[in-house]
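Each remark here refers to the structure printed beneath this line.
The values are calculated or read from the model by the stated rules, or taken from the named source; none is laboratory data. Everything numeric in this text was worked out from a predicted model, so none of it was measured. In this analysis, Cβ positions are derived from the backbone assuming ideal geometry, glycine residues included, and neighbour counts consider all displayed protein chains. Heads up: the accessible areas ignore ligands, DNA and RNA and are worked out on the full protein's heavy atoms, side chains in. Shrake-Rupley method; radii C 1.70, N 1.55, O 1.52, S 1.80 Å.
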Amino acid sequence: MFDLTTLIPYLGACFLLAIVPGPTVTVIVANALARGTGAGLAIVAGTQAGFFVMTVVVALGMQALVAFMGWAFDWIKLIGAAYLVWLGWKMWRSNGELGTGSVERTKSRRGMAVEGFLVILSNPKALIFLGAFLPQFVDVTQPTFPQVMVLGLFFMLVAGSTDAIYAVVAGRARGMLSAARVRVVSRVSGLLLMGGGIWLALQKRA
């Protein structure tokens, strides 16, 4: 379905987007710091379920869009490329704060998984992100639904892995998550992501 020239850049972009702390990582880290690694991993399980639901929504919506308004797909890709540049700029300007505020300590693992699920579903930016990001790597001449689902599952795999690392690190060694180190990762990832967005836009114009 995908060749290496498409899959490798996609996986690289997924990693850059997933590794930089955002609202999801904030919840994961806060719970892991307060209640241990298992609590953070429970949040990860919930966010993964939420991402799966959003991937299905994006896949169904894109299939309908291509069927009825195929001409609009090119504009979606250009807008998506611009969105990647904007995300990269935000990463560059990140101050490295993880937002590790207080959380309840009595919640069950199932309750924490539900919390992670709701964190994703209550964040419209996550759905907008998937809707802008995934189309960059879809071949509109082929059925779009299975392509988006596969891309979404790859993103979930990468994001789930990096989120799990945050949970483990936060649960065992808080000092490793210093703002200075997060800031360095954010700036490097931001530069690479802005470059990737520009590259995608130029590829579209070619």
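Condition first: modelled with pLDDT of 60 or more, under 17 Å from the mean Cα position of the chain (by Cα) and either buried (at least 20 other Cβ atoms within 10 Å of the Cβ) or closer than 29 Å to Leu4 by Cβ (or both). Can you find one or more residues in the range 95-114 that meet it? No, there is no match, as no residue in the range 95-114 is modelled with pLDDT of 60 or more, under 17 Å from the mean Cα position of the chain (by Cα) and either buried (at least 20 other Cβ atoms within 10 Å of the Cβ) or closer than 29 Å to Leu4 by Cβ (or both).
Taking the criterion of being assigned to a helix (DSSP H, G or I) and free of Cβ contacts under 8 Å to residues at least 24 places away in the same chain, the only residue of the range 131-160 that qualifies is Leu157. Among the conditions (1) touching a helix residue (DSSP H, G or I) at 6+ places or on another chain (Cβ under 8 Å); (2) at pLDDT 75 or above; (3) among the aliphatic types (A, V, I, L, M), Val150 misses just one, which is (1). Can you tell me which of (1) outside any loop (DSSP other than H, G, I, E, B); (2) within 14 Å of Val27 (Cα to Cα); (3) modelled with pLDDT under 85 is the one Asp163 doesn't meet? Unmet condition: (3). Residue-level analysis places Ala173 outside the set of residues that are open to solvent by 10 Å² or more (accessible area, probe 1.4 Å), hydrophobic (A, V, I, L, M, F, W, C), farther than 20 Å from Pro21 by Cβ and modelled with pLDDT under 70. Of the residues making up the range 178-192, those that are in a helix (DSSP H, G or I), open to solvent by 30 Å² or more (accessible area, probe 1.4 Å) and either at pLDDT below 70 or of a type in the set (Phe, Trp, Tyr) (or both) are Ala179, Ala180, Arg181, Val185, Leu192.
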